[in-house]
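Engineer: Quick one: the structure is below, and I'll ask about it shortly.
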Amino acid sequence: MIKRLLPILLIVTFAATAKDNLANSGIQLKNSLLWKISGNELTEPSYLYGTMHLLCDKSNSEKAKVQNAVDASKKLYLEIDMFNPDEAMSIMKLMADETKIKDLVDKEKKEQLLKLAKEHLGMSDSLIENTTLFAVFGMMAYKATDDCALPTSVEETLEAKFKSDRSKIAGLETMAQQMQFIKDSEVANLDNTIIGLQEFDEMKDMFDDMSEHYMSENINALYDMMTQTSDLYTQEYLDKMMEVLLVKRNKNWTVQIPEIAAKQPTFFGVGAGHLPGENGVINLLRKDGYTVEAVMDQ
């Protein structure tokens with residue numbers, strides 16, 4: 001569970017904060033999770049694929065168009081290489097340094113958290129007290145998929161396609177870097193964890209909506225959900241969260257992606273919400289002179 005905790009936390013955050021609609025940037029994209037990157041002196045195309053870090057149905061990643069793109073690629077880059085044992089050990093060490101809930105100073109809010117976690121997650125006080133706020137977020141995500149026969153991640157499906165050679169799999173970020181982005185966004189603090197639990201039933205409904213949009217490859221609708229405002233948070237906080245968790249990371253990736261693609265045809269898998277929008281990966285690559293085209297079902 002540790003290796004999936006950080007990307008899953010991003011799903012919980014966006015689902016828990018989305019409420020009133022905020023119009024998107026006006027950049028409308030075709031309904032496709034798969035995009036071909038070419039031009040700008042690339043000798044061979046690479047591919048960009050929108051993933052979802054926790055999902056009930058993995059059939060999208062098993063489509064012929066995805067397999068064809070995988071077959072044409074020599075390397076897989078995910079947001080993080082969460083299947084790398086060294087990365088897993090790294091995050092376990094970082095998590096060990098996180099404050100346990102039993103050591104939180106605000107006793108009133110801690111008691112509120114214990115009550116909500118017991119109600120919505122079925123966790124005992126002793127179990128909750130000896131875990132961290134990061135871990136509670138992760139448990140919320142798994143609980144939101146109670147209706148799944150076997151929850152999975154798209155990353156797992158993609159990784160399996162390259163598993164014959166581990167050297168072909170890499171990450172655009174390390175787990176430590178992703179954890180720092182989450183810390184900088186101030187997502188996983190006590191107040192937000194309490195709010196997430198208070199809104200847990202609504203979060204489950206929104207997770208279902210996100211899954212539905214994902215299965216229909218409607219990345220514009222996913223982006224709209226992720227950029228919706230909420231009366232639970234200030235606009236200043238939401239702007240900071242989006243800047244740190246989306247925009248800043250997108251800009252980092254679109255520096256790396258061309259450099260990697262110039263060396264060999266590569267399959268890039270990042271969260272689908274990172275693809276659309278003015279500061280989305282697709283538009284940023286296009287601004288840098290690359291041709292980024294939707295690959296439709298065959």
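Engineer: I want the local charge near Met210. Using Cβ-Cβ distances under 12 Å, sum +1 for each Lys or Arg and -1 for each Asp or Glu among the other residues.
Structural biologist: Charge balance in the 12 Å sphere: -4.
Engineer: Oh, and also: Exceeding 26 Å between C-alpha atoms, which entries from my cross-link table qualify? They are Lys63/Lys143; Lys183/Lys204; Lys63/Lys93; Lys143/Lys163; Lys65/Lys263; Lys30/Lys287.
Structural biologist: Lys63/Lys143; Lys63/Lys93; Lys143/Lys163
Engineer: Cα atoms only: what Rg and Dmax, in Å, come out for the stretch 231-298?
Structural biologist: Gyration radius and largest Cα-Cα distance of the stretch 231-298: 14.2, 46 Å.
Engineer: Still on this structure, please answer the following. So how do 173-180, 258-265 stack up, highest first, on mean other-Cβ count within 10 Å?
Structural biologist: Ranking the peptides 173-180, 258-265 by packing returns 173-180, 258-265.
Engineer: For each of Glu87, Glu293, count neighbouring Cβ atoms within 10 Å of the residue's Cβ, then give the residues from fewest to most.
Structural biologist: Least crowded to most crowded, the residues run Glu293, Glu87.
Values in this text are rule-based calculations from the coordinates and carry no lab data. All values derive from a computational prediction rather than experimental measurement. Cβ sites come from the backbone with ideal geometry, for glycine too, and all protein chains shown count toward neighbours.
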